[in-house]
Amino acid sequence: MVHGVRAGVSLTSGLVLGVLLSVLLFLPDELIPPEMPNEELSSEHWKVIIKKAATTSINGQSQTRKVVRAGFAATELGIREKLVVILLGQSSLMVALNASIGRHVPHLQIFADISRIDGDIATLPNLTPYRLNGQHSHIPVLSLIFNMSRAYHWWKADEGLSEGGSGTAIHDTVAWWASSSQDFNRSLSVSPLLSDADAHALHQHFLHVELNRIEYEIDSLSAEIVSLSYDTVDGPSQPAGLPPYSKAPDRYQVPKWHFFTSTEIFKNEPNQNVYALSGDDKLDVEEIVAAARKFIKESGEGSDEEFLQLRNGYRLFDPVRGMDYIVDLLYRNKDGSKVHRIHLTRIISNNQLLQQVPYVKEDTDLTILIPLGSNDEVGAVRRFIVHYVSLCQSSVGDNRQTRLVVAVRSVDPFAIRLLNNDIIELRMRCKPAQTETMLIILKQDSHPVLAAAALDEAVDHFGQQMIYLLLSPHADIQREFLDRVRINTIKHFQVFFPLPFVEYHPRIVSANEVLQSKMKNPNVDNQAAHEMDEIDQKIRAPKTFVDGADTFMSKFRDATFKRNTRPLIVHKDRGHFDPLDFSVISLYGADFVRTRSRLNNKSLLLDLSSLFLGHQNIHMMRAVEPALRLRYHARVCNPELVDSDYARCLLSRREGFASKAQLANLLLSRKAKNMVAA
């Protein structure tokens, strides 16, 4: 018994020892942990070795080695397009679908019959035309697709999803249709769109849905503003969202209300305060009375009452809020007369959502047209050409085409030769930017309005499908101004009349700076001061100050000043934005041809703004344009202009001479010199 136990213990010990030795001596390599010395854990001694692939040249030309990747790697890295959308169309609807769908899919390819491609469709970069040749449209399209690329995978749809299946195949087949999202369950799929009318109806429906949502959000926001206004210092204001009345800094600047009736208006003026209600004031009061009557009718208070007349009213202009009105309207009911007092506000800024503004692209060709009708403006045009060289050289790489055209009439032949040489030099220097130039000589019997004659010749020469920027010879433009011209000019919808910054008379500006400097430092002396002294020496001693002031200002008005070499900056002391200047206009050639019949060959106009005033389909856009600046020049107002244009020309010339403060400083300084001399 004892010998058996001893033998079992020895056998067991030997087996265990053998297993341990085999595990220690013959352990598999994958179970052996790699040696990681402590000194290799740090990246301090790592060295990056980049092996460049060997390149081979064939016929002296080097070819780039093509990287071969697996199919799944290309898909994961986004190298291969995972989805392609094919659009079959034959109308301008493809342009809208291309703009809306193209941003959501990797690749959108448009196929159209070559016989039905118009000008708008032909500009699409992803357009592939085809010919039917008596076949169905999908046959040549599939042939083109197979020839385009082999990188796409094709499959056969199930029977339930093919054209022969039921109309609800997608609804019955897709398992995740019954989703927990209620918005997805309410979605609809409408196909096919057989005409533009179907697409327009769907678009209009969703526009109404979106507008209703926006109106609901506006109402909610208005209610929130009203609730929060009670926590402000000034309290709630009426209407909601408008700031309260501005507070006067002192008792002398307290705003005053104007009292008015249906026939008269009482204004706060020192010489006369009673005026007949006429002109713009009458139109203003009539609009306010109509709005007040409409409000009473919609509120239901005056349903059984008859409107008699406006008893009286008050109006107040506030620079923050706008124009406030308080009107008393006299009504009559079965019990007698009744007065309704209504408080209305005409706010300064009123935002309006436009539903039908066309889509605008910034890659439209632009033709800059400069009309030149006098020898005095030749120097200004040549300076503009020099300035435009720097603009075109800074826009190298821009694929948009910009053309510069100068149209001349009644100009000396020697000046025309100089302009032609400058234009040729401009074309050579702007060759990398692909800038085209041309000099057009207008006939003497062309339209009396120089701008109209230049546009007639340019549209006949270059066509109607591009933007024409009619520019003043004295213009100083920046590059961003051309981009805004392309955006704000819409074919068959909108023309752009930018509001330029017009420079004041440089000598008056310099003289005013001298006077300001003398007030700070009496020992100041510069070139402008010498010019002022020279003018003073040429002026004889006047008998009265009025005569001397007239002579003094006439010297500035008639002087031939030197060209100002310093840059024209937008500053209140250097110039002003002239709302009476309509000399710069951008429009499509088709819009000009459309409104050309409004021009009268017998009437002489100052500009082309009257062509689009009151037009029902084409809008006029006026906006302040800091990148458009006009150098000071002597303006001549032709007495043969129509009365309204002649009055506007005189007013613009008078206000563009200098600011009132600058003129007052010069006249007062002149008066002080005369008093000292006396």
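The values are calculated or read from the model by the stated rules, or taken from the named source; none is laboratory data. The model shown is predicted, which means the values in this text are computed figures rather than measured ones. Neighbour counts are summed over all protein chains in view; Cβ atoms, including those assigned to glycine, are modelled from backbone coordinates with ideal geometry.
Do any strands (runs of 3 or more DSSP E) entirely within the range 402-508 hold 1 or more residues that are charged (D, E, K, R) and without any contact (Cβ under 8 Å) to a residue 40 or more places away in the chain, and if so, which?
It comes to 436-441.
H461 versus (1) more than 30 Å from H615 (Cα to Cα); (2) modelled with pLDDT of 90 or more: which is the lone unmet condition?
Evaluating H461 over (1) more than 30 Å from H615 (Cα to Cα); (2) modelled with pLDDT of 90 or more leaves (1) as the failure.
If S554 satisfies all but one of (1) among the small types (G, A, S); (2) surrounded by 12 or more Cβ atoms within 10 Å (Cβ to Cβ); (3) at pLDDT below 65, what's the number of the condition it fails?
(2)
Check R315, R321, R311 and return the single one that is assigned by TED's automatic domain parsing to the domain that holds S262 and surrounded by fewer than 16 Cβ atoms within 10 Å (Cβ to Cβ).
R311
Considering only the range 233-270, state which residues are of a type in the set (V, I, T) and surrounded by 14 or more Cβ atoms within 10 Å (Cβ to Cβ).
Scanning the range 233-270 gives T261, I265.
Kindly evaluate V485 against the criterion of being buried (at least 18 other Cβ atoms within 10 Å of the Cβ), modelled with pLDDT of 80 or more and out of contact with any helix residue (DSSP H, G or I) (no Cβ under 8 Å at 6 or more places or on another chain).
The answer is yes for V485.
Can you confirm whether G279 is modelled with pLDDT of 80 or more and among the small types (G, A, S)?
Criteria met by G279.
For the range 594-635: of the residues being modelled with pLDDT of 85 or more and small (G, A, S), which is farthest from the chain's Cα centre (by Cα)?
Among those that are modelled with pLDDT of 85 or more and small (G, A, S), it is A634.
Residues that are of a type in the set (K, R): which strands (runs of 3 or more DSSP E) entirely in the range 559-678 hold 1 or more of them?
619-630
Does the range 598-610 contain any residue that is loosely packed, with under 14 Cβ neighbours inside 10 Å and closer than 23 Å to G575 by Cα?
No, the conditions are met nowhere in the range 598-610.
Hey, among P249, P236, P243, which residue is without any contact (Cβ under 8 Å) to a residue 12 or more places away in the chain, closer than 19 Å to P319 by Cβ and not charged (D, E, K, R)?
P249
Inside the range 440-457, can you point out the residues that are surrounded by 15 or more Cβ atoms within 10 Å (Cβ to Cβ) and more than 30 Å from the chain's Cα centre (by Cα)?
If the condition is that a residue be surrounded by 15 or more Cβ atoms within 10 Å (Cβ to Cβ) and more than 30 Å from the chain's Cα centre (by Cα), then I440, L442, S446, H447, P448 are the ones that fit.
Can you tell me which residue among L344, L372 is under 30 Å from K267 (Cα atoms) and of a type outside the set (S, T, Y)?
L344
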